[in-house]
Amino acid sequence: MRATGILVSASVLLTALGFLKNVLAAYYFGTSRAMDTYLLALVIPDMAQYLSITGLFNFLPLFARARAEEGEEEGWRTAGRLLTFWLLLLVSALVVAALAAGVLSWVVAPGLGPEERSTYVVQTRLLLLMALAMGSA
């Protein structure tokens, strides 16, 4: 029950923060081409955040099982290995996404002009930092 509570709390918190982020962006940008570019720039970082939730859904049950079956010390060793693996995977994926942001812009946002495409790439890279912070948390 405790693991389920943590999963639900993390999911609700992430959703609430995402909602707040979008409300603040709408307030700042209004209805404009800049807002469209921002929303397109969120596509890849949001995928990373959803991946983080998936990692959490896998982590907690494995940690709880290792702790229950193999003892407290082995449970924490398992947690350390899982967290190290997860953080390496997350950082690797985000670095690849940051490096490929220009190429990905043609897939995610094919209708952007050169100036908007440049803005998209910068915003995507900045938002990937947010995804790193949320994913590692």
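The values are calculated or read from the model by the stated rules, or taken from the named source; none is laboratory data. What you see is a predicted model, and the numbers here were worked out from it, not measured in a lab. Counting neighbours? That spans all protein chains shown, and the Cβs are built from the backbone with ideal geometry, glycine included. Please note that ligands, DNA and RNA were not included when accessible areas were found on the heavy atoms of the full protein model with its side chains. Shrake-Rupley method; radii C 1.70, N 1.55, O 1.52, S 1.80 Å.
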Checklist entry - For segment 5-26, does any single residue satisfy the condition of being basic (Lys, Arg) and either in contact with a Pro (Cβ under 6 Å, 6 or more places away or on another chain) or farther than 20 Å from Thr124 by Cα (or both)? => result no
Checklist entry - Mind checking whether some residue in segment 106-119 is farther than 17 Å from Tyr38 by Cβ and open to solvent by less than 50 Å² (accessible area, probe 1.4 Å)? => result no
Item to check | Any chance Leu99 is under 12 Å from Gly135 (Cβ atoms), hydrophobic (A, V, I, L, M, F, W, C), open to solvent by 40 Å² or more (accessible area, probe 1.4 Å) and out of contact with any helix residue (DSSP H, G or I) (no Cβ under 7 Å at 6 or more places or on another chain) | outcome: no
Checklist entry - Residues of segment 57-78 being under 23 Å from Val12 (Cα atoms) and open to solvent by less than 50 Å² (accessible area, probe 1.4 Å), which ones? => result Phe59, Leu60, Phe63, Ala64
Checklist entry - When residues of segment 17-46 are filtered for being in a helix (DSSP H, G or I) and surrounded by 13 or more Cβ atoms within 10 Å (Cβ to Cβ), how many remain? => result 20
Item to check | Odd one out for Ser52 among (1) loosely packed, with under 14 Cβ neighbours inside 10 Å; (2) touching a Leu at 6+ places or on another chain (Cβ under 9 Å) | outcome: (1)
